[in-house]
1. On the principal axes of its Cα set, how long, how wide and how thick is the stretch 312-456? Give whole Å, largest value first.
2. I'd like to know which of 308, 185, 334 lies farthest towards the positive end of the charge dipole of the chain, counting +1 on Cβ of Lys and Arg and -1 on Cβ of Asp and Glu.
3. Greater than 21 Å separation of Cα atoms is the criterion. Which listed pairs, 215/270; 156/259; 234/273; 156/390, meet it?
4. Anything in the chain that counts as a DSSP H helix reaching 30 Å or more along its axis (C-alpha) with Kyte-Doolittle mean of at least -0.5? List them, would you?
5. Suppose the chain between residue 60 and residue 200 were pulled fully straight at 0.36 nm per residue; how much longer would it get relative to their current alpha carbon spacing?
6. Given H placed on each backbone N at 1.01 Å, which residues far from residue 75 in sequence or on other chains put an amide H within less than 5 Å of it?
7. Which distance in Å, rounded to a whole number, links the C-alpha centroids of the stretch 138-212 and the stretch 63-90?
8. How do the peptides 412-423, 235-246, 127-138 rank, highest first, by the average count of neighbouring beta carbon atoms within 10 Å per residue?
Amino acid sequence: MSTATPDGAATPGRAPSVPPAATPARKKKGVLGTRPWLAAVFLLPALALLGALVVYPIGYSVYRSFFDAGGDGFVGLDNYQEMFSDDATKTAIKNNIIWLILAPTVSTALGLIFAVLTERIRWATAFKLIVFMPMAISMLAAGIIFRLVYEQDPDKGVANALWVSVHDSFTEPPPFPGAHPRPDAGLTASPGGAYTTEATARAGSPASIPLVAAKRDNISGARTAARAEPEAGKVTGTVWFDFTRGGLGERGVIDKGEKAMADLRIEAVKDGKVVAETTTAADGTYRLPAAAEGAQLRFPAWNFSEPYNGVDWLGPSFVTPAIIGSYVWIWAGFAMVLIAAGLAGVPRELMEAARMDGASEWQVFRRITVPLLAPVLSVVVVTLMINVMKIFDLVYIIAPGPSQDDANVLALQLFQSSFGTDANQGLGSAIAVLLLLLVLPVMFFNIRRIRRESRR
């Protein structure tokens, strides 16, 4: 191919130059790969919903916290001052701190233990399913369940049924709870519930002691009481249930068919010291050695004390730890599932290398497994901390009326202040703002952690 030069000569191999056509300018696209206005159109419904359900309530709560109960009078910071001077709010803040420390820590620790153990058992899937199953139960249903679990009566409450069974395995229950002597039996009540004879015991002269008010279940299977025979050099007598059906018996006399009271402890006391002791036989009789001569006979309070009914789980002392226990029961499965997912990504070569170098299982767990799971553990802890800060339903359902003030938390105090007796929504809004301020640091920490991990 040849081209012409200015002097008319043709130059081979060169094409005529053509000015390049103007290319249309491309419209800029955003980071998401689309036009910004198009992204805004799609985000607008979500932003409107977020503003209506989150931004507006927060702004209105802050605004409302500066007004009185009726919402008409501006009171400034008076609601905040009242909030921090109120004993109920102080208790709620203290309990929230307890919740914030215990609940996420215990739930995460149990989740970590369960996740590690499930790698070493055959039925790991079934175990995970059982542990995670409480997450399918609503907080309301879980609260009702644990309200029954923590019942004081061992016949109703599972926790006390187990506790009483263990306690009674090591401690002998009292034989006749609630029983006491007849007013004319010659016994005086001692401090603590014991009973002591007014007269001193004499060898060879049986001393019969009538008791009443024994429960039917404790006396129905007892043997018939027997009259004690005098024995030389020994103090003898009979303790019996002085009651005949129909009122036909004679008071203070062992009538035919009246029941013996067995296994009662009797102490011979001289000058405040126990010189001898014994236990009544199946027929109600007792025998004390010669050392009991001239001593007063005392029935310890243990004989008549009420049986052990377990721990008052929902009382003022234990109500908060008890409710935290129910929370852990629900959320330990959540922690286990997340940690197990993180554990699946841990390189097994590091663990095997550590074992080959002589590390024990505890050292492998502490030096390798836990550090590698640190990002996952932080996710679980932060998530549970945010969840714990707004705990409400479990406390409201489980804590009975007398103990609800002792189990109070900020979310419950917010509800009671806003909608309970003497409702003051200005004070309730101030508590809501305080709750928001307490949650914000945890949220900021979570956001920073997410950004830091996204840069890796």
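Read the figures in this text as sums done on the coordinates, not as results from a lab. Being a predicted model, the structure only gives us computed values, none of them experimental. With ideal geometry, Cβ positions are generated from the backbone for all residues, glycine too; neighbour counts draw on all protein chains shown.
1. The Cα atoms of the stretch 312-456 stretch 68, 42, 19 Å along their principal axes.
2. 334
3. Values: 215/270 32 Å; 156/259 31 Å; 234/273 19 Å; 156/390 31 Å.
Among 215/270; 156/259; 234/273; 156/390, the Cα-Cα distance tops 21 Å for 215/270; 156/259; 156/390.
4. Values: long enough: 87-117 (44 Å, 1.19); 319-344 (38 Å, 1.78); 425-454 (41 Å, 1.04).
Helices meeting the criterion: 87-117, 319-344, 425-454.
5. 42.3 nm
6. HN-HN under 5 Å from residue 75: 67, 68.
7. 50
8. On the way: 412-423: 17.1, 235-246: 20.3, 127-138: 14.0.
With the highest mean Cβ count within 10 Å placed first, the list reads 235-246, 412-423, 127-138.
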